[in-house]
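Got a structure for you, written out below as structure tokens; questions coming shortly.
Here, each number is a calculation from the coordinates, and none is a lab measurement. Given the structure is predicted, the values throughout are model-derived calculations rather than measurements. Heads up, the Cβs are rebuilt from the backbone with ideal geometry, glycines too, and the neighbour counts pull from every protein chain shown.
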Amino acid sequence: MEFQNNVSLKSYNTFGLDARATHFAKVASESDVNAVLQQWSGPIRILGGGSNLLLTRDFEDELILHNAITGIEIIEDLAEEAHIRVGAGVVWHDLVLWSLTQNLGGLENLSLIPGTVGAAPIQNIGAYGVELKDVFVRLEAIRLSDGAPVIFHATDCAFGYRDSIFKRSAKGQYCITRVILRLSKSPQINISYGAIRQTLAEMGITQPGIREVSEAVVRIRSSKLPDPTKIGNSGSFFKNPIIPQTQFETLRERFPNIVSYPQAENRVKVPAGWLIEQCGWKGKRVGNTGCYAQQALVLVNHGGATGAEVKAHAERIIESVRATFGITLEPEVNII
Ligand code: EPU
């Protein structure tokens, strides 16, 4: 572990924004984290894959800690399932590919999600009917205030839709070091999403296993979502709003084509991408930023955008969706 000064964070965030860190350190083990805590007494901000982040400024006072703890090990090998312990710095999709080679199921619907394993619990990543919480056992973390090792079990994490304790009361207080997941040796595939079934049919696959489901998800994501190595982005920029059924009924009278997914407790999820598209933003470029042409929910950096420019665009979108639909979009991306 070594401290570096005046580091560009451009290659550490998928938006490709050129913020600078006056103080920077990369950690590859728990002992590296402890060594940092011994030597640095100021504020610390943890950076994983930087895939859910909008950097709007330079960082002069905080230490930016890049989590590069790697390693995947099977720690419990049971008849029906295996428990794996994964370093927080492992690239999420590399873990998915590893699970396929081991014939362990549970991660295939989460293929190609950008970011690292340590970031996955923070926002309870999800796609195509599966969320991290469905395979999560526990995680290991180091408390930044005193270096104490702490275990968080699933119930401690308070997982919700793109939400956990790490976005709320525990925000910024821990360095997640390892995540323990439960994978299945006789996987039940989940193809409840029509898009997966349709893609498998197009691929001519009638009896899909976890590899085929993963490949279908990769195809869908690649067709809809921009590759961050080519066009900077952070995936879905906003959460899909969940509104009361009564509010939804009123909206449906005005917008008969509104798309919706029923939720528990008389609530309805409305795709933010649809709302944004109706407001005319899809594919529209404003300066160096804008909404992706294939998926309005994804804000992009066409090259040379600043974080402040992207943030201003997000605010324009929030304002126009509020004016048209009376719904206030909430960013999913962490804006700092
Ligand atoms: N839609 C539009 N216009 C658009 C985009 C979407 O009308 O420009 C409508 C369509 O009707 C479409 C519906 O919205 O059927 C849903 O779109 P999509 O299937 O692309 O999913 P999403 O709700 O926009 C969510 C997650 C994604 C995840 C997909 C698939 C959130 C915020 N996003 O997107 O997660 O991959 O479902 O499960 O929940 C991410 O979190 O970064 C992310 C990419």
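Which value, in debye to the nearest 20, describes the size of the charge dipole of the chain about its Cα centre when Lys and Arg Cβ atoms bear +1, Asp and Glu Cβ atoms bear -1, and nothing else is charged?
Using only the charged Cβ atoms, the result is roughly 900 debye.
Evaluate E = 1/(1 + (r/R0)^6) for R322 and K224, where r is the Cβ-Cβ distance and R0 equals 25 Å; express this FRET efficiency to the nearest 0.05.
After rounding to 0.05, the efficiency reads 0.50.
Run the numbers on the chain and let me know its relative contact order in percent, using alpha-carbon pairs under 8 Å that are six or more apart.
16
Taking the Cα centre as origin and putting +1 on Lys and Arg beta-carbons and -1 on Asp and Glu beta-carbons, what dipole magnitude results for segment 127-192, to the nearest 20 debye?
In total the dipole reaches around 40 debye.
Same structure again: Quick one: if you take sqrt(5λ) for each eigenvalue of the C-alpha gyration tensor of segment 99-171, what semi-axes come out, biggest first, whole angstrom?
23, 14, 11
Jot down the radius of gyration and Dmax of segment 55-190, Cα atoms only, both in angstrom.
15.1, 51
Compare the Cα positions of A19, V96, L78 along the charge dipole of segment 1-108 (+1 at Cβ of Lys, Arg; -1 at Cβ of Asp, Glu; about the Cα centre) and return the one farthest towards the positive end.
Of the options given, the answer is A19.
So which GluC sites (Glu not before Pro) in segment 34-96 are both in a DSSP loop and have at most 11 other Cβ atoms within 10 Å of their Cβ?
Filter output for segment 34-96: E80.
On to the next question. Could the peptides 32-43, 108-119 be put in order, highest first, of the mean number of other beta-carbon atoms found within 10 Å of their residues?
Ranked from most to least packed, the peptides come out as 108-119, 32-43.
Between D163 and D18, with labels modelled 7 Å along Cα→Cβ, what's the label distance in nm to one decimal, could you check?
Computed distance between label sites D163 and D18 equals 3.8 nm.
Another question, then. Would you please give the FRET efficiency between A195 and V91, computed as 1/(1 + (r/R0)^6) with r the Cβ-Cβ distance and R0 = 30 Å, to the nearest 0.05?
It comes out at approximately 0.80.
Of G273, Y128, T229, which is farthest along the charge dipole of the chain in the positive direction, counting Lys and Arg as +1 and Asp and Glu as -1 at C-beta?
G273
Same structure again: Find out how many positive minus negative residues lie around A25, taking Lys and Arg as positive, Asp and Glu as negative, among other residues whose Cβ is under 12 Å from that of A25.
Once all neighbours under 12 Å are counted, the net charge is -1.
Further, regarding this structure: Can you find, among F152, A195, T246, the residue farthest towards the positive end of the dipole of the chain? Put +1 on the C-beta of Lys and Arg, -1 on that of Asp and Glu.
T246
What net charge is computed for the residues neighbouring G209, neighbours being all others with C-beta under 14 Å from the C-beta of G209, Lys and Arg scored +1, Asp and Glu -1?
Around G209, the charge tally is -1.
What does the charge count around R219 come to, taking other residues whose C-beta lies under 12 Å from its C-beta (Lys +1, Arg +1, Asp -1, Glu -1)?
Summing Lys and Arg as +1 and Asp and Glu as -1 gives -1.
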